[in-house]
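Here's the structure, in structure tokens; my notes come after.
A short reminder: the numbers here are calculations on the coordinates, not readings from a lab. Computed from a predicted model, the values in this text were never measured in an experiment. Ideal geometry is used to build each Cβ from the backbone, glycine not excepted, and the neighbour counts take in all protein chains shown.
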Amino acid sequence: MTRRILSQNTLGPPDDHAGRGRSAAENHEVNRMRLPDAPSAGRSRPSPLREQMTIEHTHEFRLVAPGDAALRPLLDDLAIEYQRRYGPNDELARFPDSDFAPPDGGFLILVENGETTAGGAFRRYDETTAELKRIWTHPGHRRRGLARLVVRELEREAAACGYQRVVLSTGPRQPEAIALYLAGGYRPLFDVTADPETVGEHVFDKTLV
């Protein structure tokens with residue numbers, strides 16, 4: 001798949017966070033890229049005019065505060081997904097919102113033509129390591145590679161904050177997440193040949209270059 005990426009940098013106030021480079025909340029990259037069209041119900045074939053046109057979708061990465069309304073689709077759908085796969089759980093309450101705020105963390109959303117279609121977050125794990133959390137793609141926009149883009153952007157933000165390594169984890173009933181992280185160069189810290197249910201939490205790490 002061929003895609004064109006146009007970058008526009010939006011700079012906030014000068015960074016005053018010593019030792020961490022620019023703050024993720026103050027300096028974020030806006031990406032505009034050509035990706036496959038979003039699914040459209042009832043469309044059997046493109047019109048002749050459409051066959052001659054190139055449709056460019058606008059994608060914008062935004063770093064938002066933990067309480068931002070734009071996060072509701074992400075958090076609400078994750079709650080449903082965790083409940084469906086694991087039953088009653090407190091996964092979304094394990095960490096305080098402050099963990100995902102600057103200067104040590106952040107919430108990132110991918111907005112496509114005004115709609116939140118994917119997102120994720122990072123938090124401080126230790127002085128040199130960030131932990132990626134809340135990786136999500138809207139159900140209507142899956143299988144388009146958006147989660148891969150989100151993970152890549154979170155890695156960039158973590159590196160910009162001075163982190164040298166990232167860790168992340170997923171549950172045994174999320175094989176698509178496991179496949180995503182393996183394909184993205186993450187090192188499994190568990191036996192990949194074992195029954196996922198016996199492994200429990202699947203932990204990965206990756207050195208940021």
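Ranked from highest to lowest mean number of other Cβ atoms within 10 Å per residue, what is the order of the peptides 178-185, 166-173?
By packing density, highest mean first, the sequence is 166-173, 178-185.
Around Thr198, what is the net charge, scoring Lys/Arg as +1 and Asp/Glu as -1 over all other residues with Cβ under 15 Å from its Cβ?
-3
Just to confirm a number: summing +1 for Lys and Arg and -1 for Asp and Glu over residues other than Val209 whose beta-carbon lies under 12 angstrom from that of Val209, what do you get?
Combined, the nearby Lys, Arg, Asp and Glu give +2.
Provide the packing ranking of 120-129, 87-96, i.e. peptides ordered by the mean count of other C-beta atoms within 10 Å per residue, highest first.
120-129, 87-96
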